[in-house]
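This report concerns only the one structure given below.
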Amino acid sequence: MAIMESPECIGLSPDVTTTSPPASENVSNSLNSDLRRRASAAVKSDIVMKELESDLDLSSSSKVNGSNSEEDCKRNEVTNGDGGMKLAGELSNERDDKYNKVGNGDGGGGGGVEASFKYAFRASVPAHRKIKESPLSSDAIFKQSHAGLFNLCIVVLVAVNGRLIIENLMKYGWLIRADFWFSSTSLRDWPLLMCGLSLPMFPLAAFSVEKLVQKKYISEPVVVVLHVLITTTAILYPVFVILRCDSAVLSGVALMLVACIVWLKLVSYAHTNYDMRALTKSLEKGESLPNHPNVDHTYTVSFKSLLYFMVAPTLCYQLSYPRTACIRKGWVARQLIKLVIFTGLMGFIIEQYINPIVKNSQHPLKGDFLYAIERVLKLSVPNLYVWLCMFYCFFHLWLNILAELLRFGDREFYKDWWNAKTVEEYWRMWNMPVHKWMVRHIYFPCLRNGIPKGVAVLIAFLVSAIFHELCIAVPCHIFKFWAFIGIMFQVPLVILTNYLQAKFQNSMVGNMIFWCFFSILGQPMSVLLYYHDLMNRKVNSR
């Protein structure tokens, strides 16, 4: 408040200032004491005025000039904090009491504050003082929170889908079968179960190789050959078992996912130890290495480190990880309950919506094109819900539960991939464990060996496409490379969305293209392709 900073505001004449030489020491002390008391009262008055402005929703410029009469204030009603109704006059009296307390304390000064309050509502005070944009205009829409609209979208989404669920149940009844959760044919999948239980022998073999090379019993080329044999066998052994057994698709997918995780971990374990051995040898030769804080020059082989790495929610091996202080048992219990709920929701959507749509559809590459597009679009919404539930259950709930039980500190299992402006950004943020593995063991090693950046990115997508194909085609016993083609199709999408992002700065064109091609068209098309090919295979086998 600029007015209260002037000498007139605290009761001094214009010719009296704090820097004037005193006539005597007593007069100076008395004047300085009076000045301090009045200045303190002015500061307190300023604080109370700000409180009043917040309570009455006044702007700072409306403190000066003008006021409505007390009779007009008494005719208005305001709601108090308890939900009852209080007259504006009573509220005004409370504010006057605040001013009186400030004005009467330590030197007075309350008269100016009361006058400022009483003259703060004049009709001559301007109501429009600044250039302001509408909240939803393009210049101001991203400068404020839209939490209320987000809540509205959630409420509408729940209401609309709730109505659709009720309508579906009334029309088709309860379509969930008991064999979705437990099937008698799953009991015949014991070869897959035994295969999964025998996978730990491959990490043990890799540990034995590292122990031998640590004691210098074998040379470096032999170590490389042995690790290649171990990792290759670790991925081909489950493939052989699944192809030999006519097992359930879900069991085969689970086994292949576990086998791929073991393969990625073994590659990281072998590559990291190889790099640490190379650094150790360089130090032994007297070579100077950069003193980088993130580079570990110590080469040790620890079974405890390997065991923790094989169960930890990461694919990148290192000797130690950031650890949390304790395990929050109540938090783990809540996450487990969420995991059960969302897994059940995912199963409900699959059985109640996706299965009937898929069974009543034709092969998307055969027949009427418009009919195929209609089937794909009809399947896109429930498929998107299942995909989001899968992401939430695995990347958020399960990995966080595992990290909490192991006190694993780095919980960045994903980033805000839903805001990705390009397909390349999406792949960098969607699956952080795989992304870190790709960067650490494929992308930068390619760059260090002189491979161009574009070729290194292509190699990374090629590896990803191969493993996507293994996880889907092997359990389905179908090798038509739909998953492989779908992943490799991301490369031109990366180029397209990067171009659009460069051309239309600060736009979400790439984000919309990602949602359209990846979630609305791509995944439903893959589901239909694999389903019809799987059904045709079963018919032909009979």
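The values are calculated or read from the model by the stated rules, or taken from the named source; none is laboratory data. Here the structure is a predicted model, which is why all the values come from computation and not from measurement. For neighbour counting, all protein chains shown are included, and Cβ atoms are generated from backbone atoms with ideal geometry for every residue, glycine included. In case anyone asks, the SASA skips ligands and DNA or RNA and just uses the protein heavy atoms, side chains included. Shrake-Rupley method; radii C 1.70, N 1.55, O 1.52, S 1.80 Å.
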Quiz prompt | Net lengthening on full extension, Ile131/Thr280 (0.36 nm per residue, minus Cα-Cα) | solution = 47.1 nm
Practice problem: First measure r as the distance between the Cβ atoms of Ile451 and Leu193, then evaluate 1/(1 + (r/R0)^6) with R0 = 30 Å and state the FRET efficiency to the nearest 0.05. | Solution: 0.15
Self-check item: Apportionment of accessible area to carbon and sulfur, the range 322-438, percent (1.4 Å)
Solution: 67 percent
Quiz item: Stretched out fully, how many nm does the piece from Tyr237 to Ile466 gain, at 0.36 nm a residue minus the Cα gap?
Solution: 80.8 nm
Quiz prompt | Inter-site label distance for Ser124 and Val249 at 7 Å from Cα along Cβ, in nm | solution = 8.1 nm
Exercise. Sort the following peptides by mean Cβ neighbour count (other Cβ atoms within 10 Å, averaged over residues), highest first: 518-531, 224-237.
Key: 518-531, 224-237
Quiz item: Out of Phe342, Trp417, Gly450, whose Cα points farthest toward the positive end of the dipole of the range 334-458 (charges: +1 Lys, Arg; -1 Asp, Glu; placed on Cβ)?
Solution: Gly450
Quiz item: Phe408's amide H: which non-local residues (gap 5+, or another chain) put their own amide H closer than 5 Å, with H modeled 1.01 Å from N in plane and none for Pro or chain starts?
Solution: Thr324
Quiz item: For Ile218 and Ser138 in the same chain, what is the full-extension length gain: residue separation times 0.36 nm, less their Cα-Cα distance, in nm?
Solution: 22.1 nm
Quiz item: Using a simple charge model, +1 on the beta-carbon of Lys and Arg, -1 on the beta-carbon of Asp and Glu, nothing else, what dipole does the range 394-491 show about its Cα centre, in debye to the nearest 20?
Solution: 220 debye
Exercise. Treating only the Cβ atoms of Lys and Arg (+1) and Asp and Glu (-1) as charged, compute the dipole magnitude of the range 424-542 about its Cα centre; round to the nearest 20 debye.
Key: 200 debye
